[in-house]
Amino acid sequence: MERGTAITEQGVEVSLRDIARRADVGLATLLRHFPTREALLDALLRTSFDELTAHAAALETSSSPEDALASWLRNCVACVVWTTEYRSVTVLIAAAIEDTQSALHASCVTLSAAGARLLARAQANGTARTDIDGTDLFALVAALAWLGYQPSLAPRADRLFDVVASAILTSAGSSDAVGEPSSGR
């Protein structure tokens, strides 16, 4: 059985009993390993979030500040869009950044801090607006990801990403860093 299938089909509010049944384990076994729904989601998302954090670190030394920020932002939004196969998880991710009791909190804070470092680097370089911070950037990731899984808005998601990214990046030369033009514009 594929990981996350029950969550994919029924959303993050699926009963833990149903998840245990589909995984062919007892509820007590599931709860022993994942005492909360958010702990289970953290386990499902951790690898992707860790990869995005590592990607941010690599970009800090391999790319210009504006290219690094734009690349990380695009990859982060794409990852969070991918996580939307676990319906409604974007809401939990956005809330977890402020909820220190959430099992998702540490992963979200680490991911947000990676983006904040890239943002601060671009701001220090004069290529990103200075009136936003890492929390704003993380909120924009969640908002852009939400657009990506709205059936009526999904076709516009790439264009809207470019609009938001160009609003963050201030240098005239950063338009190439924002991304490829989306089809159907």
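Across the stretch 101-118, coupling constants 3J(HN,Hα) worked out from phi with the 6.51/-1.76/1.60 Karplus curve, θ = phi - 60°, read 8, 6, 5, 7, 3, 4, 5, 5, 5, 4, 5, 4, 5, 4, x, 4, 5, 5 Hz, and Gly and Pro carry x. Summarising the amide proton neighbourhood of residue 128: residues at separation of 5 or more, or on other chains, whose placed amide H is nearer than 5 Å comprise 123, 170.
Taking the Cα centre of the chain as origin and assigning +1 to Lys and Arg Cβ atoms and -1 to Asp and Glu Cβ atoms, the resulting dipole is close to 320 debye. Rounded if a/c is under 1.5, else prolate if a/b is larger than b/c, else oblate: which is the stretch 51-141, with a ≥ b ≥ c the root eigenvalues of its Cα gyration tensor? It is prolate, given that a/c is not under 1.5 and a/b is the larger ratio. Treating each Cα of the stretch 1-152 as one equal point scatterer and applying the Debye formula with no solvent, the log10 of I(q)/I(0) at q = 0.10, 0.16 Å⁻¹ comes out as -0.38, -0.86.
Each value in this text was obtained by applying a stated rule to the coordinates, not by laboratory testing. If you're wondering where the values come from, they're calculated on a predicted model, not measured in any experiment. Backbone-built Cβ (ideal geometry, glycine too); neighbour counts: all protein chains shown.
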